[in-house]
1. For residues that are more than 25 Å from the chain's Cα centre (by Cα) and of a type in the set (S, T, N, Q), scanning just region 237-261, find the one that is farthest from Ile293 (Cα to Cα).
2. Can you name the residue in region 146-197 that is among the hydrophobic types (A, V, I, L, M, F, W, C) and in a loop (DSSP other than H, G, I, E, B) and is also farthest from the chain's Cα centre (by Cα) among such residues?
3. Does any residue of region 220-229 turn out to be surrounded by 14 or more Cβ atoms within 10 Å (Cβ to Cβ) and over 16 Å from Pro167 (Cβ atoms)?
4. Answer yes if at least one residue in region 125-142 is assigned by TED's automatic domain parsing to the domain that holds Ile72, of a type in the set (Asp, Glu) and in a strand (DSSP E or B), and no otherwise.
5. Going by what's in this entry, would Arg92 be described as charged (D, E, K, R), without any contact (Cβ under 8 Å) to a residue 24 or more places away in the chain and on the phi < 0 side of the Ramachandran plot?
6. Residues Ile140, Ile229: which one is modelled with pLDDT under 95 and touching a Gly at 6+ places or on another chain (Cβ under 6 Å)?
7. Scan region 262-280 for residues that are over 14 Å from Gly154 (Cβ atoms) and within 21 Å of the chain's Cα centre (by Cα) and jot them down.
8. With (1) polar (S, T, N, Q); (2) within 24 Å of Leu131 (Cβ to Cβ); (3) surrounded by fewer than 14 Cβ atoms within 10 Å (Cβ to Cβ) as the list, and Gln261 as the residue in question, which single condition is left unmet?
Amino acid sequence: MKTLDVGIYSAGGGSRTLIQSGQILKRDDRLFDVEQAREHPTVFTTFLARVNRDPKQTPQKEDTQVWSKSVIGLSLHLNRIIENARILGVDRTVLQALTQEQIRKYLSVELEHFLSHTEVSATKTKIRVRLLMSNHGLEIFLDEYQNNWEDLCGVSAVAASVTRPTPALKTVPSHESCNARKAAISLGVDEAILVDSEGIVREGAWTNIFWVDDRGRLFTTKHKVLPGIMRALIVGHFAVNLEDWTLTQIKQSAREIFLTQSTSGITPVLQFDGWRSGQESHQTNLDSVTEKIRSWYNGLIGELI
């Protein structure tokens, strides 16, 4: 079992525990039990910390390493979780104590602890970070990340007649997303795309969806979606049309579809509910809008922690 580092910070202080990931009930590779309703309102955000051994720095102690740590869109993640906590009604004293600056300090402490107590597999690695905020305070979960989609040229998706009750908020428990992803995987498909009762494509179970029409125009759903951090970065950098399309419209008009997520990045969709990409699964189409955006994403520099 891999080691999972857990830091718990209340408004008055913090504690740290090293446990084995097998001791936490895992659901769809999530690091907490999303099926168990929590006593207090809880919001969360998940992202990657890119970590590199820094050869220019001299460790203060023997047999230790100096690491540089960065996160793409860190300020956006922290703003969102704090704002979501405020909307959900998390106690005011917790919100006052857990400012963005304070969360950064706690995160830095936890990453240093994780790296000093874990056998990290490479000089460059990615640490998955999950922050949970509730009336109990802040919980930080860390583990070394392995992207199951990274080595694929693209993924498959299926439509699911599911909507989340509060799509703008990232909360636990997350029954709808977990059940939709589980159903997709049981069909041999990678992701479920949530479609509402009016046939509008909203988002993936754990992703946002973008598509490109036959004129090369880029689209993403406008309403009733999670304001994902990767989605926000793309909308802020590229000309994106924010519109609500039905499943039928997308399948008839899209020449490219891709999914975004803070952990997996930008992933092309090769098949979606009968729709097929024109891109061959064994080739990379350098002229595609998706590949241009992936190239941009791979060049992004994260905020240092």
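1. So the residue we want is Thr248.
2. Pass one, region 146-197, residues among the hydrophobic types (A, V, I, L, M, F, W, C): 149, 152-153, 155, 157-160, 162, 168-169, 172, 178, 180, 183-185, 187, 189, 192-195.
Applying the additional criterion that residues be in a loop (DSSP other than H, G, I, E, B) yields 149, 152-153, 162, 168-169, 187, 189.
Working: Trp149: 13, Leu152: 18, Cys153: 19, Val162: 20, Ala168: 14, Leu169: 13, Leu187: 23, Val189: 19 Å.
Checked region 146-197; the qualifying residue farthest from the chain's Cα centre (by Cα) is Leu187.
3. No: region 220-229 contains no residue that is surrounded by 14 or more Cβ atoms within 10 Å (Cβ to Cβ) and over 16 Å from Pro167 (Cβ atoms).
4. yes
5. Working: charged (D, E, K, R): yes; without any contact (Cβ under 8 Å) to a residue 24 or more places away in the chain: yes; on the phi < 0 side of the Ramachandran plot: yes.
Yes, satisfied.
6. Details: Ile229 fails: modelled with pLDDT under 95.
Only one candidate qualifies: Ile140.
7. Start the filter on region 262-280 by keeping residues that are over 14 Å from Gly154 (Cβ atoms), which leaves 262-263, 273-274.
Answer for region 262-280, where residues must be over 14 Å from Gly154 (Cβ atoms) and within 21 Å of the chain's Cα centre (by Cα): Ser262, Thr263.
8. (3)
The values are calculated or read from the model by the stated rules, or taken from the named source; none is laboratory data. As the structure is a prediction and not an experimental result, all values here were calculated from the model. Using ideal geometry, Cβ is built from the backbone for each residue, glycine included, and neighbour counts are taken over all protein chains shown.
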